[in-house]
Amino acid sequence: KIIKKSLFQSALVVLLMLGCKSKAEKEVAVVESSKKPNIVFIYMDDLGYGDMSAYGATEISTPNMDALAKGGVQFTNGYATSATCTPSRYAILTGRYPWRNKDAKILPGTAPLIIDTTQITVPKMLQEKGYATGIVGKWHLGLGSGMVNWNERVSPGPNEVGFDYSYILAATQDRVPTVYIADGYVDGLDPNDPIEVSYKENFEGEPTGLDNPELTTMKWHHGHNNSIVNGVPRIGFMKGGEAAKWSDVDMADHFLAKAQQYVKEHKDGPFFLYYALQQPHVPRTPHPRFVGKSGMGPRGDVILEADWMIGEFMKTLEEEGILENTLIVFSSDNGPVVNDGYYDEAVEKLGNHTPAGILRGGKYSLFEAGTKVPFITYWKGTIAPGKSNAMVCQVDLLTSMAALVGSDKTGEDSENLLDEFLGKSNNGRDQLVLEATSRTAFRKGNWAMIPPYKGPAVIKSVNIEIGNSEKYQLYDLEKDPSQKENLAKSNPEKLQELVADFEKIRGI
Ligand code: NG6
Ligand code: CA
């Protein structure tokens with residue numbers, strides 16, 4: 001190896017002496033790229049603003065997530081674009097508001113890919129700058145372009161929108177197919193036991209949560225009564241693929257191992273890793289070593305489990321000697337929900353824990369708790385620790401990361417907030433359009449405006465106020481972060497201002 005290297009070096013010197021510019025330029029580019037920081041997005045699923053001790057939780061302790069918050073910039077006004085998963089994940093990767101894409105809503109496991117393969121994405125932009133790019137964990141942005149045959153390579157998918165490496169779960173932990181997909185191939189599939197998936201009807205003779213409750217170890221509360229896998233009734237029907245089915249209790253360890261392996265294989269960098277954990281989304285299935293640890297039932301236990309995974313992942317960065325050359329962005333795809341469709345004691349054992357902190361609403365909601373989430377940037381030795389109240393959104397990461405690596409790429413709705421993300425500025429965005437189950441609302445300065453929407457004010461099954469009202473709502477978040485007092489009537493000028501700006505952006 002050493003001989004090879006010195007041979008290469010002397011060859012290079014000769015080439016340089018000969019004035020062979022292209023080779024020399026190449027060498028410069030290599031040197032530059034080796035200085036570029038690695039970038040890791042750690043993305044939680046349904047972790048609420050109040051679910052971390054660093055954000056004020058007193059009933060649960062998340063030391064590893066807190067270490068990121070305390071050693072980095074902890075944003076108190078950080079947003080996902082949306083109050084559900086698919087649209088937020090669309091935005092974080094594309095820098096484009098999800099409401100511009102009518103397909104960006106909670107997808108079934110059989111939905112086609114909703115990112116245009118010609119569209120710019122964070123990993124594509126980084127690939128162009130010499131980055132290796134990988135995703136480990138939850139995808140939920142659709143796969144294929146119509147009828148997917150799970151027994152062949154499933155494409156287009158993450159590998160077609162910028163990831164050189166992908167190891168994913170297709171949709172959600174509660175949706176079929178309950179298998180991992182590695183670079184488009186179902187991991188561990190036995191060709192003699194092909195997989196069939198349907199969201200329309202069951203396969204003959206297959207048990208379901210609805211008809212065979214005696215076969216379930218977790219009971220469904222609403223939805224989630226189709227195919228049963230590992231005792232858990234899911235959304236959608238699936239047949240076959242027995243050997244490829246994942247083990248729910250091992251999922252967190254499994255993804256951690258893949259993420260660590262990715263880091264080890266790419267430590268010479270630069271790399272981008274999108275590590276999308278599945279917790280605390282339902283079904284909450286902690287590994288036995290975390291069962292009972294939170295005293296809050298499985299929802300608390302899987303938060304502790306995720307916290308541990310993050311600690312282990314950080315240790316790997318440190319052991320590989322790349323912690324100080326790695327920017328970590330930590331956040332969650334939407335706000336919290338306690339009962340999201342299974343009887344799992346989350347409600348009964350919640351005690352004094354408030355997953356949304358002081359915020360109103362939760363997952364699915366246009367109120368603050370739907371989209372305001374833990375949001376942290378951490379870069380040891382480069383980012384000075386501190387808190388920031390700048391308004392930032394996950395949609396801004398594309399343009400900001402482009403600025404970091406010297407790319408001129410921008411996302412349609414993505415602002416360059418690199419200074420904010422590096423803790424050098426407290427400015428943030430002036431305004432932001434928020435989305436929840438295809439409805440939109442607006443934030444400007446310290447104000448939040450929710451236009452009138454028909455429909456129930458509360459989704460009873462999950463017990464969350466989602467923001468529907470016949471009247472306009474206007475809140476002063478500086479004085480009233482819990483959105484208790486609607487000022488639409490008493491401050492018509494402010495309301496008009498926000499409505500006008502909102503409608504302009506929405507094109508209404
Ligand atoms: C809902 C599911 C919920 C969850 C959600 C997606 C029912 C009744 N509820 O439709 O359990 O899976 O979709 O969550 O099926 S998300 O975080 O991926 O957006
Ligand atoms: Ca989610």
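The table below gives the values:
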| item | result |
| --- | --- |
| The listed residue being open to solvent by 60 Å² or more (accessible area, probe 1.4 Å) and either touching a residue at least 40 places away in the same chain (Cβ under 8 Å) or in contact with a strand residue (DSSP E or B) (Cβ under 7 Å, 6 or more places away or on another chain) (or both), out of PRO156, PRO194 | PRO194 |
| All positions within region 41-59 that are open to solvent by 10 Å² or more (accessible area, probe 1.4 Å) and not acidic (Asp, Glu) | TYR49, SER53, ALA54, TYR55, GLY56, ALA57, THR58 |
| Within region 66-115, tally of residues that are within 16 Å of ligand 2 (Cβ to nearest atom) and out of contact with any helix residue (DSSP H, G or I) (no Cβ under 9 Å at 6 or more places or on another chain) | 3 |
| Those residues of region 405-437 which are in contact (Cβ under 8 Å) with a residue 40 or more places away in the chain, open to solvent by 40 Å² or more (accessible area, probe 1.4 Å) and over 28 Å from PHE367 (Cβ atoms), in sequence order | GLY406, LYS409, THR410, GLY423 |
| Within region 128-144, considering residues that are under 23 Å from LEU404 (Cα atoms) and either open to solvent by 10 Å² or more (accessible area, probe 1.4 Å) or assigned to a loop (DSSP other than H, G, I, E, B) (or both), the one farthest from ligand 1 (Cβ to nearest atom) | GLY130 |
| Top-ranked residue of region 441-476 - restricted to ones that are within 16 Å of ligand 1 (Cβ to nearest atom) and in contact (Cβ under 8 Å) with a residue 60 or more places away in the chain, ranked as most open to solvent (accessible area, probe 1.4 Å) | ASN463 |
| Those residues of region 293-309 which are open to solvent by less than 20 Å² (accessible area, probe 1.4 Å) and within 21 Å of the chain's Cα centre (by Cα), in sequence order | ARG299, GLY300, ASP301, VAL302, ILE303, GLU305, ALA306, ASP307, MET309 |
| Matching residues in region 240-260 - criterion: being within 25 Å of ASP340 (Cα to Cα), out of contact with any helix residue (DSSP H, G or I) (no Cβ under 7 Å at 6 or more places or on another chain) and not polar (S, T, N, Q) | LYS245, TRP246, ASP248, ASP250, MET251, ASP253, HIS254, PHE255 |
| Entirely in region 1-109, the helices (runs of 4 or more DSSP H) that have 1 or more residues that are within 16 Å of ligand 1 (Cβ to nearest atom) and modelled with pLDDT of 95 or more | 85-94 |
| Residue under evaluation VAL148, criteria (1) touching a residue at least 60 places away in the same chain (Cβ under 8 Å); (2) open to solvent by 10 Å² or more (accessible area, probe 1.4 Å), criterion not met | (1) |
| Filtered residues of region 209-242 (kept if touching a Leu at 6+ places or on another chain (Cβ under 9 Å) and either more than 20 Å from ALA170 (Cα to Cα) or without any contact (Cβ under 8 Å) to a residue 24 or more places away in the chain (or both)) | GLY209, TRP220, ASN225, ILE228, GLY231 |
| Sole residue being touching a strand residue (DSSP E or B) at 6+ places or on another chain (Cβ under 7 Å), under 23 Å from THR84 (Cα atoms) and not charged (D, E, K, R), chosen from ILE450, ILE459 | ILE450 |
| Condition met for PRO123 (under 24 Å from PHE255 (Cβ atoms), at pLDDT 95 or above, surrounded by 21 or more Cβ atoms within 10 Å (Cβ to Cβ) and more than 16 Å from ligand 1 (Cβ to nearest atom)) | yes |
| Residues within region 396-436 that are assigned to a loop (DSSP other than H, G, I, E, B) and on the phi < 0 side of the Ramachandran plot, tallied | 18 |
| Failed criterion for GLU196 (all others in (1) within 16 Å of ligand 1 (Cβ to nearest atom); (2) out of contact with any Leu (no Cβ under 8 Å at 6 or more places or on another chain) hold) | (1) |
| Meets criteria (β-branched (Val, Ile, Thr) and in contact with a helix residue (DSSP H, G or I) (Cβ under 8 Å, 6 or more places away or on another chain)) for ILE195 | yes |
| Qualifying residues in region 243-292 (those that are free of Cβ contacts under 8 Å to residues at least 12 places away in the same chain and charged (D, E, K, R)) - the one least open to solvent (accessible area, probe 1.4 Å) | ARG289 |
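The values are calculated or read from the model by the stated rules, or taken from the named source; none is laboratory data. Keep in mind that what you see is a predicted model, and the values were worked out from it rather than measured. Positions of Cβ are backbone-derived with ideal geometry, glycine not excepted, and every protein chain shown enters the neighbour counts. The accessibility values were calculated without ligands, DNA or RNA, using every heavy atom of the protein model including side chains. Shrake-Rupley method; radii C 1.70, N 1.55, O 1.52, S 1.80 Å.
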